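One structure is given here, and the rest of the page talks about it.
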């Protein structure tokens, strides 16, 4: 926060991680809030590709193969697959 010439406090942060602003509670938020991707540094695009690959392939995809296809580490791919499977299980898929 910084004060301008008139003493009005303005926010100088860019809020790139949280691009949306709620007028009611006066907080910034992102589209990831309340989803399986909320605490993930993996992009939403990579999550969407992973879900698509899981849904359309007739056989299971390994975390090593998914990591190669998405360009992420094997452990990140394992966690991504694990989280998708947990959500699918709880949704009854």
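Tabulated values for the structure
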{"item": "Scan of the stretch 26-60 for residues that are more than 23 Å from residue 79 (Cβ to Cβ) and modelled with pLDDT of 85 or more, ordered by number", "result": "58"}
{"item": "Options 51, 61: the member that is touching a helix residue (DSSP H, G or I) at 6+ places or on another chain (Cβ under 8 Å), surrounded by 11 or more Cβ atoms within 10 Å (Cβ to Cβ) and in a helix (DSSP H, G or I)", "result": "51"}
{"item": "Flag if residue 11 is at pLDDT 80 or above and out of contact with any helix residue (DSSP H, G or I) (no Cβ under 7 Å at 6 or more places or on another chain)", "result": "no"}
{"item": "Count - residues of the stretch 40-56 that are without any contact (Cβ under 8 Å) to a residue 12 or more places away in the chain and more than 17 Å from residue 19 (Cβ to Cβ)", "result": "4"}
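The values are calculated or read from the model by the stated rules, or taken from the named source; none is laboratory data. These numbers were taken from a predicted model, which means no experiment stands behind them. In this analysis, Cβ positions are derived from the backbone assuming ideal geometry, glycine residues included, and neighbour counts consider all displayed protein chains.
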